[in-house]
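What follows is a short report on a single structure.
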Amino acid sequence: MESAGTKPSVVRTEAITVMQELAIDIRGHRSKHVDEFADRPFDYIITVCDNARESCPVFLGEAQKLHHNFKDPATVLGSDEQLLAVCRHVRDELRDYLREFTLSVI
């Protein structure tokens with residue numbers, strides 16, 4: 001499994017915080033561009049925001065493409081606590097979505 005974006009930047013501190021709440025340490029992760037994986041075959045490609053779906057490069061091959069639009073925490077304006085609340089909500093939505101996806105392919 002890999003994760004990449006169309007506009008990589010940094011791993012946000014809010015993401016690190018909300019993942020640590022689940023005992024998942026992502027401090028050593030980095031933001032990657034989808035071009036890093038252009039030559040790799042995948043079974044599934046999942047886009048998680050409408051912008052990514054529209055601007056994602058075409059991956060050739062047999063990969064099944066799936067999409068779900070999650071709110072992008074980077075677009076949220078507000079206090080630190082409001083941003084953390086959005087990050088927690090998106091984290092939990094992603095976890096549920098991926099859990100259901102995993103169960104559907106087993």
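The values are calculated or read from the model by the stated rules, or taken from the named source; none is laboratory data. These numbers come from a predicted model, not from an experiment. When we count neighbours, we look across all protein chains shown, and the Cβ atoms used for this are built from the backbone with ideal geometry, even at glycine. Ligands, DNA and RNA are excluded from the accessible area calculation, which covers all protein heavy atoms including side chains. Shrake-Rupley method; radii C 1.70, N 1.55, O 1.52, S 1.80 Å.
At a glance:
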quantity: Given (1) within 12 Å of the chain's Cα centre (by Cα); (2) open to solvent by 90 Å² or more (accessible area, probe 1.4 Å); (3) farther than 17 Å from Gln64 by Cα, index of the condition Met1 fails; calculated: (3)
quantity: Qualifying position, being assigned to a helix (DSSP H, G or I), touching a His at 6+ places or on another chain (Cβ under 9 Å) and of a type outside the set (Phe, Trp, Tyr), among Leu98, Leu94; calculated: Leu94
quantity: Of all residues in the stretch 1-23 being touching a helix residue (DSSP H, G or I) at 6+ places or on another chain (Cβ under 9 Å) and among the hydrophobic types (A, V, I, L, M, F, W, C), the one that is farthest from Thr75 (Cα to Cα); calculated: Leu22
quantity: Scope the stretch 70-106; condition under 15 Å from Thr17 (Cβ atoms) and exposed (fewer than 11 other Cβ atoms within 10 Å of the Cβ); matching residues; calculated: Ser79, Asp80, Glu81
quantity: Criterion: aliphatic (A, V, I, L, M), touching a His at 6+ places or on another chain (Cβ under 7 Å) and without any contact (Cβ under 8 Å) to a residue 40 or more places away in the chain - qualifying residue of Ala4, Ala85, Ala38, Ala63; calculated: Ala4
quantity: Among the residues listed as Val11, Val18, Val48, the single one being at pLDDT 95 or above and among the β-branched types (Val, Ile, Thr); calculated: Val18
quantity: Test for Tyr97: is it within 22 Å of Lys7 (Cα to Cα), touching a residue at least 12 places away in the same chain (Cβ under 8 Å) and aromatic (Phe, Trp, Tyr); calculated: no
quantity: Test: Ile24 is surrounded by 15 or more Cβ atoms within 10 Å (Cβ to Cβ) and either free of Cβ contacts under 8 Å to residues at least 24 places away in the same chain or over 15 Å from the mean Cα position of the chain (by Cα) (or both); calculated: no
